[in-house]
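Following: one structure in structure tokens, then a few remarks.
Computed from the coordinates by the stated procedures, all read-outs in this text should not be read as laboratory data. Bear in mind the structure is a predicted one, so any value in this text is a computation, not a measurement. Here Cβ is always computed from backbone atoms with ideal geometry, including for glycine, and neighbour counts include all displayed protein chains.
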Amino acid sequence: MDCLFCKIIGGEIPADKVYEDDYVFAFRDINPIAPVHDLVIPKKHICCANAVNAENSEYAARIFEAVPKIAKAENIESYRIINNCGEDAGQSVMHLHFHLLGGVKMGWGEDSLGKTE
Ligand code: 5GP
Ligand code: ZN
């Protein structure tokens with residue numbers, strides 16, 4: 001399958017891995033927007049949050065089990081998890097992924113939407 005993140009999981013494309021188990025793979029974002037910016041992804045190709053269902057939801061659950069371990073490994077107590085689902089939300093890679101952001105004090109509110117228009 002021609003999927004960037006499947007290729008990263010398979011080792012075809014190198015990445016800075018921070019965590020891996022049977023269900024979850026996490027690696028540093030190539031273009032970080034925070035001191036800690038990891039991408040946490042299922043090791044099964046699921047295109048986006050809209051495609052999580054009863055058959056594959058174990059992967060989503062395992063991602064949320066892995067997140068605290070990844071945060072601990074990255075030495076952050078506070079973090080933000082973001083999933084962009086769909087084009088208008090900014091999803092550019094069609095393999096489900098959660099941005100794990102930390103290492104900086106973050107704002108909350110309209111300005112944090114990062115609107116482009
Ligand atoms: P999205 O915009 O789909 O929510 O997030 C995709 C993320 O993947 C972006 O933050 C982008 O920087 C990251 N990314 C794109 N290509 C690569 C790559 O080849 N390696 C890594 N480590 N990150 C990538
Ligand atoms: Zn994929």
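What number of residues within the stretch 14-37 are under 20 Å from Ser78 (Cα atoms), without any contact (Cβ under 8 Å) to a residue 40 or more places away in the chain and not in a strand (DSSP E or B)? Step through it out loud before you land on a result.
The initial filter retains those residues of the stretch 14-37 that are under 20 Å from Ser78 (Cα atoms), namely 18-19, 26-29, 32-37.
Restricting the remaining residues to those that are without any contact (Cβ under 8 Å) to a residue 40 or more places away in the chain gives 27-28, 32.
Subset that is not in a strand (DSSP E or B): 32.
Counting residues in the stretch 14-37 that are under 20 Å from Ser78 (Cα atoms), without any contact (Cβ under 8 Å) to a residue 40 or more places away in the chain and not in a strand (DSSP E or B) gives 1.
Asp88 versus (1) more than 14 Å from Tyr19 (Cβ to Cβ); (2) away from ligand 1 (no atom under 14 Å from the Cβ); (3) assigned to a helix (DSSP H, G or I): which is the lone unmet condition?
(2)
Mind checking whether some residue in the stretch 96-103 is touching a His at 6+ places or on another chain (Cβ under 6 Å) and within 11 Å of ligand 1 (Cβ to nearest atom)?
Here is the first cut: in the stretch 96-103, the residues touching a His at 6+ places or on another chain (Cβ under 6 Å) are 101.
Checking the rest, the ones that are also within 11 Å of ligand 1 (Cβ to nearest atom) come to 101.
Looking for residues that are touching a His at 6+ places or on another chain (Cβ under 6 Å) and within 11 Å of ligand 1 (Cβ to nearest atom), one finds at least one in the stretch 96-103, hence yes.
Quick check on my filter: what residues within the stretch 1-25 are in contact with a Lys or Arg (Cβ under 6 Å, 6 or more places away or on another chain), more than 9 Å from ligand 2 (Cβ to nearest atom) and closer than 20 Å to Glu58 by Cβ? Can you show your working first?
Here is the first cut: in the stretch 1-25, the residues in contact with a Lys or Arg (Cβ under 6 Å, 6 or more places away or on another chain) are 9, 13, 16, 23-25.
Next, only the ones that are more than 9 Å from ligand 2 (Cβ to nearest atom) stay: 13, 16, 23-25.
Matches in the stretch 1-25: Tyr23, Val24, Phe25.
For the list (1) touching a residue at least 40 places away in the same chain (Cβ under 8 Å); (2) within 15 Å of ligand 1 (Cβ to nearest atom), I need the number of the one condition that Ile76 fails.
With (1) touching a residue at least 40 places away in the same chain (Cβ under 8 Å); (2) within 15 Å of ligand 1 (Cβ to nearest atom) applied to Ile76, the lone miss is (2).
Take the stretch 45-55 and flag every residue that is surrounded by 14 or more Cβ atoms within 10 Å (Cβ to Cβ) and in a loop (DSSP other than H, G, I, E, B).
In the first step, residues of the stretch 45-55 are kept if they are surrounded by 14 or more Cβ atoms within 10 Å (Cβ to Cβ); the result is 45-49, 52.
Once the filter is applied, which keeps residues that are surrounded by 14 or more Cβ atoms within 10 Å (Cβ to Cβ) and in a loop (DSSP other than H, G, I, E, B), the stretch 45-55 yields His45, Ile46, Cys47, Cys48, Val52.
Looking at the stretch 1-38, which of its residues are more than 8 Å from ligand 1 (Cβ to nearest atom), loosely packed, with under 11 Cβ neighbours inside 10 Å and either aromatic (Phe, Trp, Tyr) or within 12 Å of Val93 (Cβ to Cβ) (or both)?
Matches in the stretch 1-38: Asp2 only.
Please count how many residues of the stretch 78-117 are under 17 Å from Ala66 (Cβ atoms) and among the hydrophobic types (A, V, I, L, M, F, W, C).
Residues meeting the conditions: 6.
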